[in-house]
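What follows is a set of notes on a single structure, which appears directly below.
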Amino acid sequence: MSLVWAAPAFFFAAIYVSAAYAQVQALAGSDLRATAAAVYITVVNLLGLGLGPTLTGFISDRIDDGSGHSLSDALAILLTISFPLGAILLVLGARTIVSDLATAGHD
């Protein structure tokens with residue numbers, strides 16, 4: 001049953017990836033595209049691979065009551081917070097994308 005609920009959530013959580021890479025390329029000038037892509041990938045990986053597991057372990061340790069469910073509870077807490085937060089941030093960023101593309105230096 002968890003797969004039935006998790007599959008759509010992870011599908012929609014990953015659907016932004018191609019659009020985000022395309023926007024990084026569109027907003028950067030032709031002389032900065034490689035640098036912009038490298039910075040974007042670095043930041044995404046530092047947050048996702050650096051902060052994600054660390055925060056999961058921290059929360060798991062703090063809520064451990066000896067039942068053996070603290071890791072799954074910590075993951076549930078983080079997914080419940082991070083998915084809506086990510087959606088909100090993407091919507092906020094999308095509000096200015098048209099003007100950002102218009103003012104981006106295109107060659």
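Among Leu89, Leu71, sorting on how many other beta-carbon atoms sit within 10 Å of each Cβ, with the fewest leading, yields Leu89, Leu71. Along the charge dipole of segment 2-103, pointing to its positive end and built from +1/-1 on Cβ of Lys, Arg, Asp and Glu, which listed residue (Thr103, Ile88, Gln23) has its Cα farthest out? Toward the positive end, the furthest listed residue is Thr103.
Given axes a ≥ b ≥ c from the Cα gyration tensor, I'd like to know whether segment 1-50 is rounded (a/c under 1.5), prolate (a/b larger than b/c) or oblate. Note, shape of segment 1-50 comes out oblate.
Just so you know, all these numbers are worked out from the coordinates, no wet-lab data involved. Note that this is a predicted model, so its numbers are computed, not measured. As a convention, Cβ positions derive from the backbone with ideal geometry for all residues, glycine included, and neighbour counts pool all protein chains shown.
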